[in-house]
Amino acid sequence: MSPQARKLGEVVRELRERQGLTQAQLAERAQLAMSYVTLLEAGQQANLSPSALGRLARALGVTTKQLSELES
């Protein structure tokens with residue numbers, strides 16, 4: 001598990017939970033497989049494409065820049 005994946009996964013989970021979304025709801029909003037969201041939040045999905053990052057950011061109501069800044 002890479003440290004970057006773990007950090008991003010933690011940020012995604014925190015933002016998702018703040019909005020009261022389940023992993024399934026976030027996956028649907030972001031048009032991603034629920035297993036992808038589950039692995040990301042667990043820190044086991046390190047290769048996040050720019051497209052997937054953009055969809056996640058939009059689904060969470062933040063920009064990709066904000067999402068990557070929150071990760072730091």
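The values are calculated or read from the model by the stated rules, or taken from the named source; none is laboratory data. These figures come from a predicted structure and were not determined experimentally. Note: areas computed on protein heavy atoms with side chains; ligands, DNA, RNA excluded. Shrake-Rupley method; radii C 1.70, N 1.55, O 1.52, S 1.80 Å.
Okay, helix-only estimate at 222 nm for the chain: each DSSP H run of n ≥ 4 adds -39500 (n - 2.57), divide by all residues, round to 500 deg cm²/dmol; what do you get?
So the calculated ellipticity at 222 nm is -21000 deg cm²/dmol.
With a 1.4 Å probe and all protein chains left in place, how much of the accessible area of the chain comes from carbon and sulfur atoms, in whole percent?
Exposed carbon and sulfur together represent 48 percent of the surface.
For the chain, what is the convex hull volume of its Cα atoms per residue in Å³?
69 Å³
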